[in-house]
Amino acid sequence: MVRISVRDVMTTHVASVAPDTPFKDVAELLVRRGVSAVPVLEEDGRVAGVVSEGDLLRKEEFREQYYGEDYRPRLRARLGRRLAGRGADGQEKAEAATAAELMSAPAVTVAPDVSTVTAARLMDEHRVKRLVVVDAEGRLIGIVSRRDLLKAYVRDDAELKSWVEEAIPEQSRWNDRTGIVVQVHDGIVTLSGCTSTRTEAAAAVRMAKGLGGVVGVRDGLEWERDDRLELPLIWHRS
């Protein structure tokens with residue numbers, strides 16, 4: 001089955017810092033490169049952690065909280081940190097002077113061949129906006145962000161159509177009255193025509209739904225035989 005992997009959408013020209021990089025240099029790098037986070041790399045290229053804008057801004061947050069501006073982090077932010085097990089590290093990061101002291105570790109990483117669907121699930125589970133892409137030894141390959149995952153949905157309709165046709169079981173014949181017809185408009189796949197069995201129709205719909213970049217699937221398939229019941233039925237909808 002054709003699918004979109006992290007390798008297809010990730011950013012490979014990634015800014016990074018060393019563990020001993022000073023706070024100010026990290027901040028300047030984020031601003032200059034227009035990114036919201038950078039991985040922290042050991043000498044051998046292995047990813048030690050990630051420093052984000054949020055990590056840097058802890059210093060301002062605690063400066064306001066403890067030096068007279070009567071400030072507390074928003075309730076949602078405090079609850080999120082507590083749920084993530086980071087409730088006590090805010091003040092430590094506020095006093096941090098290097099990337100190693102600032103970073104969140106271990107970094108949430110992903111392999112390049114993982115599907116974009118799995119990557120999106122990992123971001124949601126770990127409450128992060130990006131994943132560090134690493135090889136089998138934990139060395140940096142790239143970064144995949146939420147915005148990168150959206151690239152899957154700007155594929156050309158013609159390309160999606162060919163992908164769906166490739167993914168459908170080979171035993172189904174194409175573009176005749178006994179096969180499956182695929183149409184794609186604005187990322188929405190419409191399957192029509194007729195298959196020999198209900199199982200084939202269901203498999204075609206399932207495969208189309210599982211392809212990266214498909215916004216939705218409209219099932220207009222019919223079948224000649226309902227093999228789930230092993231009773232001969234003609235022209236029933238799935």
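What the table below lists for this structure:
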{"item": "Complete set of residues in segment 1-60 that are assigned to a helix (DSSP H, G or I), of a type in the set (V, I, T) and in contact with a Gly (Cβ under 6 Å, 6 or more places away or on another chain)", "result": "none"}
{"item": "Among (1) touching a strand residue (DSSP E or B) at 6+ places or on another chain (Cβ under 8 Å); (2) farther than 30 Å from E224 by Cα - the single one H126 does not satisfy", "result": "(1)"}
{"item": "Residue match in segment 55-69 (condition: in contact with a strand residue (DSSP E or B) (Cβ under 7 Å, 6 or more places away or on another chain) and either at pLDDT 95 or above or farther than 17 Å from I141 by Cβ (or both))", "result": "yes"}
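A quick yes/no check of all residues on (1) surrounded by 20 or more Cβ atoms within 10 Å (Cβ to Cβ); (2) of a type in the set (S, T, N, Q); (3) in the same structural domain as K24 (by TED's automatic domain parsing); (4) at pLDDT 90 or above:
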site	(1), (2), (3), (4)
E95	no, no, yes, no
T98	no, yes, yes, yes
E101	no, no, yes, yes
V108	no, no, yes, yes
D135	no, no, yes, yes
T190	no, yes, no, yes
C194	yes, no, no, no
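The values are calculated or read from the model by the stated rules, or taken from the named source; none is laboratory data. The structure displayed is predicted, hence computed values, not measured ones. When we count neighbours, we look across all protein chains shown, and the Cβ atoms used for this are built from the backbone with ideal geometry, even at glycine.
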